[in-house]
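Take a look at the structure below.
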Amino acid sequence: MECRAGCGACCIAPSISSPIPGMPAGKPAGVRCIHLSPDFLCRLFGRPERPAVCSSFMADREVCGEDRDSAVRILGWLEQATA
Ligand code: SF4
Ligand code: SF4
């Protein structure tokens, strides 16, 4: 599936263990990445400093659900299941 523009669930719900510019320890689950804009777009998109883990994450109906709320629920559940 195509990533839903303005979703941003995967920039909030999961933890990211690799460094993010301005967040050297990555981010905990449920914390909004500082690079997620108010309209839920990545301010680092297309830039070399965007973490590799973000660039490699592919939208998939199984994890992205039908909308942001369902994606947050699924990603949060996966985070707990793999913690
Ligand atoms: S959760 Fe899926 S649809 Fe939403 S921003 Fe991330 S990749 Fe895109
Ligand atoms: S760097 Fe961009 S894609 Fe990665 S978590 Fe932050 S806002 Fe999302």
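Can you pull the semi-axes for the stretch 9-81, root of five times each eigenvalue of the Cα gyration tensor, sorted largest first, whole Å? It would help to have the intermediate numbers written out before the result.
Details: eigenvalues 76, 37, 26 Å².
Values for the stretch 9-81, descending: 19, 14, 11 Å.
3J(HN,Hα) along the stretch 5-15, derived from phi through the Karplus expression 6.51 cos²θ - 1.76 cosθ + 1.60 where θ = phi - 60°, amounts to 4, x, 8, x, 4, 6, 9, 10, 5, x, 7 Hz, with x in place of Gly and Pro.
Computed over the chain, relative contact order equals 36 percent, with contacts defined as Cα pairs under 8 Å that lie 6+ residues apart. Around the Cα centre of the stretch 9-81, unit charges on the Cβ atoms of Lys, Arg, Asp and Glu (plus for the first two, minus for the last two) sum to a dipole of about 280 debye.
Bear in mind that the values in this text are calculations on the coordinates, not laboratory data. Note that the structure is predicted; figures quoted are calculated from it, not measured. Backbone-built Cβ (ideal geometry, glycine too); neighbour counts: all protein chains shown.
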